[in-house]
Amino acid sequence: MLKTTINQVFKHVDEDVTIGAWIANKRSSGKIAFLQLRDGTGFIQGVVVKAEVEEEVFKLAKSVTQETSVYVTGQVTKDERSPLGFELQVKSIEVIHEATDYPITPKEHGTEFLMDHRHLWLRSKKQHAIMKIRNEIIRATYEFFHQEGFVKVDPPILTGSAPEGTTELFATKYFDEDAYLSQSGQLYMEAAAMALGKVFSFGPTFRAEKSKTKRHLIEFWMIEPEMAFVEFNENLEYQENYVTHVVQSVLENCKVELHTLGRDTAKLENIKAPFPRITYDEAIKFLQEKGFDDIEWGDDFGAPHETAIAESYDKPVFITHYPTSLKPFYMQPAPDRDDVVLCADLIAPEGYGEIIGGSERVHDLELLEARLKEHGLDQETYKWYTELRQYGSVPHSGFGLGLERTVAWISGAPHVRETIPFPRLLNRLYP
Ligand code: 4AD
Ligand code: MG
């Protein structure tokens, strides 16, 4: 018998095939049973007609329990009504392993219950769709940066430095030394850019933030490009082209998944470079005019502020030139004023918040040393980093895109905890 997978059935219309699958759901009447089959590649409906199969097969179709694993054999037929476009006319079923009392039933469950069963929840249709979209974003990321001539570089996870401030570090012992789990690979990527020109990384990062919002994870994955000889504006162009490529790739390659999630794709189709830009100064003025009287120049934006700004646009929006006092030590001052830096945060539409933080980096040795001092950072720890400014220093820029927030936005997931296989949250290390 021809063995295939659900995502390949389109090649076998009218043929008999065998698929290894799980019973995701079923319903039946006296004469017909419908099996929702899933095999990891997708979901397909198996139709078992009493009059057309052996008695044993129909009996089994009616009694088989949720999440039992099976080999199902049947004929692939076209079905215009299903999102997949195909059905399986089942002829026989072989049970591999019977599942009893699967805890996640088709009824509604609370979030805490589902999170406690995350290892099983991943099997459900929506979670499956979100993971496929996450995978497509990663695939499109590698495609974009390789097309643009970037080299993938892997910065260390165990580090001695703290690029994004010392308050959110996970400390650990490194034999006799103190070490931290990486909160960003950026500083190492700057070294890599001086060796390889245009580089990008993709890896886990850790923030010991006591935040309990729908946008914060303790462990999240970041894509961090860094580019030698690239200044502020060119950095923004890379960002908008990259985000455009990612969104358009998901639209092209995840149609079934977006449909499963009920995502409004018209909003995504519109996501094409260039993206609007406003300065921090303009954003503050805009918010004050909108009636936010709790915010003044020098304050950082909270989620409601970001959402209010994003609502004025139907594309992601860059907020540029933040006050120096709000940002890390490594950002290059604006040429005409030193109270703001050459940075930008990219705010996603529809209230999904900041998905990218980026900037031009300080490339002058003296200025960098002064900045380290101001931020109370140890010159010895950062000696290797300052040395990059000692030997052929060049203007350079980079950014970090948070994968989970991007997945949440594109898939329309309400909370970042559903966008990573096993989320690490303030009160959750299980499973
Ligand atoms: O703005 P952040 O902190 O920037 C950096 O780490 C820079 N060193 C990046 C660089 O220039 N190479 O983080 C970048 C992005 C944010 O825009 C956000 O999307 C995501 O990482 N992010 C988080 N995502 C989930 N949970 C958290 N706790 C996050 N913190 C940041
Ligand atoms: Mg940021």
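Projecting the Cα positions of Gln248, Ala283, Phe232 onto the charge dipole of the chain (unit charges on Cβ atoms of Lys, Arg, Asp and Glu, taken about the Cα centre) puts Gln248 furthest along the positive direction.
Computed over the chain, the convex hull of the alpha-carbon atoms projects to a mean area of 24.8 nm².
Compared with the alpha-carbon gap, the fully stretched path from Thr381 to Glu296 is longer by 27.1 nm at 0.36 nm per residue. Against the longest principal axis of the chain, how steep is helix 280-289, in degrees 0 to 90 to the nearest 10, with axes from Cα atoms? Computed tilt is about 70 degrees.
Sorting the segments 296-306, 64-74 by their mean number of nearby beta carbons within 10 angstrom, highest to lowest, gives 64-74, 296-306. For region 84-101, backbone phi angles converted through the Karplus equation (6.51, -1.76, 1.60; θ = phi - 60°) give residue-by-residue couplings of 6, x, 9, 9, 10, 8, 6, 10, 8, 9, 10, 6, 8, 8, 7, 9, 10, 6 Hz, Gly and Pro being listed as x.
Judged by the mean number of other Cβ atoms found within 10 Å, the most tightly packed of the peptides 43-50, 353-360 leads the ranking 353-360, 43-50.
Provide the per-residue ³J(HN,Hα) series for region 10-16, in order, calculated from phi with Karplus coefficients 6.51, -1.76, 1.60 and θ = phi - 60°, each as a whole number of Hz, with x at glycine and proline positions. Per-residue couplings from phi come out as 4, 7, 10, 4, 6, 8, 8 Hz.
Among Leu35, Leu368, Leu326, the largest mean-square fluctuation in a Gaussian network model of the chain, built with springs joining Cα atoms closer than 10 Å, belongs to Leu326.
Charged neighbours of Lys383, selected by a Cβ distance under 13 Å, balance to -3 (K, R count +1; D, E count -1). Normalising by residue count, region 5-124 has a Cα convex hull of 110 Å³ per residue. When each of the peptides 206-214, 139-147 is scored by how many other beta carbons lie within 10 Å of its residues on average, the order from highest to lowest is 139-147, 206-214. Split the accessible area of the chain by element, probe 1.4 Å, and carbon with sulfur accounts for 51%. Among Val199, Phe292, Ala413, flag the residue with its Cα farthest along the positive direction of the charge dipole of the chain, charges on Cβ as +1 for Lys/Arg and -1 for Asp/Glu. The Cα lying farthest towards the positive end belongs to Ala413. Summarising the amide proton neighbourhood of Ala24: residues at separation of 5 or more, or on other chains, whose placed amide H is nearer than 5 Å comprise Gln36, Leu37, Arg38, Glu67. For region 126-177, the fraction of C-alpha pairs farther apart than 16 angstrom is 66 percent. Net charge around Phe202, counting only other residues with Cβ within less than 10 Å of its Cβ (Lys, Arg = +1; Asp, Glu = -1)? Charge balance near Phe202 sits at -1. What fraction of the DSSP beta bridges in the chain is antiparallel, stated in percent and rounded to the nearest 5? Roughly 85 percent of the beta bridges in the chain run antiparallel, per DSSP.
Take every DSSP beta bridge whose two residues both sit in region 197-337, then give the antiparallel share in percent to the nearest 5. So the antiparallel bridges in region 197-337 amount to around 75 percent.
Considering region 219-299, its Cα convex hull presents a mean projected area of 8.9 nm². Shown in residue order for region 363-373 are the 3J(HN,Hα) couplings computed by the Karplus curve 6.51 cos²θ - 1.76 cosθ + 1.60 at θ = phi - 60°: 10, 8, 4, 4, 4, 4, 5, 5, 5, 4, 4 Hz (x for Gly and Pro). Amide H to amide H distances under 5 Å link Trp221 with Thr205, Leu403, Glu404, where only residues 5 or more positions off or on other chains count and H is placed in the peptide plane.
Dipole check for region 177-308: with +1 at the C-beta of Lys and Arg, -1 at the C-beta of Asp and Glu, and the Cα centre as origin, the magnitude is about 660 Debye. With a cut-off of 12 Å between beta carbons, the residues surrounding Ser393 carry a summed charge of -2, where Lys and Arg count +1 and Asp and Glu -1. Here the chain is treated with +1 on each Lys and Arg Cβ and -1 on each Asp and Glu Cβ, and its dipole about the Cα centre works out to around 1960 debye. The angle separating the long axis of helix 125-147 from the principal Cα axis of greatest extent in the chain is about 50 degrees. Note on Asp16 and Glu80: their simple-model spin labels are 2.9 nm apart, each label 7 Å out from Cα toward Cβ.
The values are calculated or read from the model by the stated rules, or taken from the named source; none is laboratory data. A quick note: this is a predicted structure, and the numbers were derived from the prediction, not measured. Please note: Cβ atoms are built from the backbone with ideal geometry, for glycine as well, and neighbour counts cover all protein chains shown. Quick note on the areas: whole protein, heavy atoms, side chains included, nothing else; ligands and nucleic acids left out. Shrake-Rupley method; radii C 1.70, N 1.55, O 1.52, S 1.80 Å.
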